[in-house]
1. Restricting the search to region 43-61, which residues are modelled with pLDDT of 90 or more and buried (at least 24 other Cβ atoms within 10 Å of the Cβ)?
2. For region 130-165, what are the residues that are of a type in the set (A, V, I, L, M, F, W, C) and touching a Ser or Thr at 6+ places or on another chain (Cβ under 7 Å)?
3. How many residues are of a type in the set (Lys, Arg) and modelled with pLDDT of 95 or more when one looks only at region 80-137?
4. Can you tell me how many residues in region 134-151 are at positive phi and either touching a His at 6+ places or on another chain (Cβ under 8 Å) or open to solvent by 20 Å² or more (accessible area, probe 1.4 Å) (or both)?
5. Within region 160-179, restricting attention to residues that are open to solvent by less than 20 Å² (accessible area, probe 1.4 Å) and at pLDDT 80 or above, which residue is nearest to PRO23 (Cα to Cα)?
6. Search region 167-183 for residues being among the hydrophobic types (A, V, I, L, M, F, W, C), touching a residue at least 40 places away in the same chain (Cβ under 8 Å) and assigned to a helix (DSSP H, G or I), and hand back the single one that is nearest to ALA116 (Cα to Cα).
7. Given (1) in contact with a helix residue (DSSP H, G or I) (Cβ under 6 Å, 6 or more places away or on another chain); (2) of a type outside the set (Ser, Thr, Tyr); (3) surrounded by fewer than 15 Cβ atoms within 10 Å (Cβ to Cβ), where does ALA120 come up short, assuming only one miss?
8. Is it the case that MET128 is part of a helix (DSSP H, G or I), surrounded by fewer than 20 Cβ atoms within 10 Å (Cβ to Cβ) and touching a helix residue (DSSP H, G or I) at 6+ places or on another chain (Cβ under 9 Å)?
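The values are calculated or read from the model by the stated rules, or taken from the named source; none is laboratory data. No experiment lies behind these values; they were computed from the predicted model shown. For neighbour counting, all protein chains shown are included, and Cβ atoms are generated from backbone atoms with ideal geometry for every residue, glycine included. Accessible surface is based on the protein model in full, side chains and every heavy atom, while ligands, DNA and RNA are left aside. Shrake-Rupley method; radii C 1.70, N 1.55, O 1.52, S 1.80 Å.
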Amino acid sequence: MTVVEPPAEIKPHAVWEDVLAIPTGAFLMSWGMYLLSAIDGVTGGLAGVSFLTTYVTGWSLGLVYFLINVPFYWLAVRRMGWAFTVKTLIAVGLISVGVGLHPHYIDVSGIQPMYAAIFAGLTIGTGMIVLFRHGASAGGFGILAQFLQKTRGWRAGYVQLALDLCVIAASVALVDWRILLVSIVGGVLLNLVVAINHRPGRYFG
């Protein structure tokens, strides 16, 4: 069996690779969020907070998601640098726009809740990995998770899982218990995708 050795010097992604990857990650995340919104579901992180805010106020999910991330850019600039912050701002903007665009092109109102939650969890998790590996995040708790992984060595997926569980616990009063259960399944899958695929020292190239 051939063993692939990591390169002696890890080279950063080229600008054109980031230009392609960040919209891809944002698209995947916005699609997963759209699926959850179709079943009145919830997820963790600031995306989950955005869902709950939308359910209470009736405001646009994309707009709420964008605005609720604004305070976290201060932490991103101070701790993660301008490049990370700008990429994250672009990603969050694209996610916010994407959530509003999907309903104009595809109708998923009849989707089965468990399928939607599983597909959303895997899709959002994959989108987060794409963004992480190109020096960005989906904002909010993702910024904090990236910061703690970089400074403390804590796995971003596990940090995100702990924060997500707090948000889901707060959802009990606003989300139907059956939808909440399938949302939890999706949330666990999301964080497993991140925890397994985004480990310090494992990724190169």
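1. Of everything in region 43-61, those that are modelled with pLDDT of 90 or more and buried (at least 24 other Cβ atoms within 10 Å of the Cβ) turn out to be SER50, PHE51.
2. Residues satisfying the conditions are VAL130, LEU131, ALA136, ILE143.
3. 0
4. Looking only at region 134-151, we keep the residues that are at positive phi, and these are 135, 139-140.
Checking the rest, the ones that are also either touching a His at 6+ places or on another chain (Cβ under 8 Å) or open to solvent by 20 Å² or more (accessible area, probe 1.4 Å) (or both) come to 135.
Qualifying residue count, region 134-151: 1.
5. Here is the first cut: in region 160-179, the ones open to solvent by less than 20 Å² (accessible area, probe 1.4 Å) are 160, 164, 167-168, 171, 175.
From what's left, at pLDDT 80 or above: 167, 171, 175.
Numbers: VAL167: 26, SER171: 29, VAL175: 30 Å.
Filtering first and then ranking leaves VAL167.
6. VAL182
7. Failed condition: (3).
8. In short, no.
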